[in-house]
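J.: First the structure, then my questions, so here it is.
The values are calculated or read from the model by the stated rules, or taken from the named source; none is laboratory data. Fair warning: this is a prediction, and the values are worked out from it, not measured in the lab. Because the Cβ atoms are built from the backbone with ideal geometry, glycine has one as well, and the counts that use them run over all protein chains shown.
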Amino acid sequence: MSFLLPHLNTGWAVDQAILTEEDRVVVIRFGHDWDSTCMETDETLSGVAEKVKNFAVIYLVDISKVPDFNKMYELYDPCTIMFFFRNKHIMIDLGTGNNNKINWAMRGKQELIDIIETVFKGARKGRGLVVAPKDYSTKYKY
C-alpha cells in the first residue's frame, strides 16, 4: 500500500516537508517498503489519509535510501511514525516510555485518526508533548 502515499526520497525533501507545512501536522513513516510491519502501517495510513487531509499530511521515508535521520531520531526499529508541526517535533505519551515515536504496526484506523487529531490539537496549543487518547503500555508486552 506504500504506492498510495507520497515518498520523500532525499533528506532535503524531508526537511522541506517539515519546514513548509504551516497549518497541518506532518506525519512521517520511517521504515522500509518491503517490511511486513511497515506494510501493515502503510495500509492503515493510506486508509486514513483522506479522512485526515484537512489537519494532517502523511509521507513515507525509506530509511535505507535516506539515512540522514537514522541517528538523529534513533530510527532503529523496522517501522517508526513521527509527528511534526510547524518545524517542531511533537512528542506523544503513549504509556510505553518512548515519547518520541510510534514504533509498532498501527492496525486500527480510528485509533490512528484519534492519535493524529490529538497531536494536532495539542500542537496548535503550543504543546511539545501530548498524551495519547489510549494507554498502550499493557497492549504490547515484550
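J.: What is the one condition in (1) modelled with pLDDT of 90 or more; (2) in a loop (DSSP other than H, G, I, E, B); (3) charged (D, E, K, R) that ASP33 does not satisfy?
T.: ASP33 satisfies all of (1) modelled with pLDDT of 90 or more; (2) in a loop (DSSP other than H, G, I, E, B); (3) charged (D, E, K, R) except (1).
J.: Within the group LEU19, LEU5, which residue is touching a strand residue (DSSP E or B) at 6+ places or on another chain (Cβ under 6 Å) and either touching a residue at least 12 places away in the same chain (Cβ under 8 Å) or within 25 Å of ARG124 (Cα to Cα) (or both)?
T.: On the way: LEU19 fails: touching a strand residue (DSSP E or B) at 6+ places or on another chain (Cβ under 6 Å).
Answer to the selection: LEU5.
J.: Which residue pairs have Cβ atoms under 7 Å apart, sit 6 or more places apart or on different chains, and have a first residue in the range 89-114 that is touching a residue at least 60 places away in the same chain (Cβ under 8 Å) and a second that is hydroxyl-bearing (Ser, Thr, Tyr) and in a loop (DSSP other than H, G, I, E, B)?
T.: Pairs found: TRP104/TYR140.
J.: Return yes when GLU40 is part of a loop (DSSP other than H, G, I, E, B) and either modelled with pLDDT under 95 or under 19 Å from GLY108 (Cβ atoms) (or both) and no when it is not.
T.: Values: part of a loop (DSSP other than H, G, I, E, B): no; either modelled with pLDDT under 95 or under 19 Å from GLY108 (Cβ atoms) (or both): yes.
Criteria not met by GLU40.
Results for (1) surrounded by 22 or more Cβ atoms within 10 Å (Cβ to Cβ); (2) in contact with a Gly (Cβ under 8 Å, 6 or more places away or on another chain), shown as yes or no for each residue.
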{"position": "PHE30", "(1), (2)": "yes, no"}
{"position": "ALA49", "(1), (2)": "no, no"}
{"position": "VAL66", "(1), (2)": "no, yes"}
{"position": "PRO78", "(1), (2)": "no, yes"}
{"position": "ASP93", "(1), (2)": "no, no"}
{"position": "MET106", "(1), (2)": "no, no"}
{"position": "LYS109", "(1), (2)": "no, yes"}
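J.: Take VAL26 and decide whether it is over 17 Å from ASN87 (Cα atoms) and surrounded by 13 or more Cβ atoms within 10 Å (Cβ to Cβ).
T.: Judged against the criteria, VAL26 is not a match.
J.: Has the range 55-67 got at least one residue that is of a type in the set (Gly, Ala, Ser), at pLDDT below 90 and within 22 Å of PRO133 (Cα to Cα)?
T.: Filtering the range 55-67 for residues of a type in the set (Gly, Ala, Ser) gives 56, 64.
Filter once more, so that each one left must be at pLDDT below 90: 64.
So of that shortlist, the ones also within 22 Å of PRO133 (Cα to Cα) come out as none.
No, that holds for no residue.
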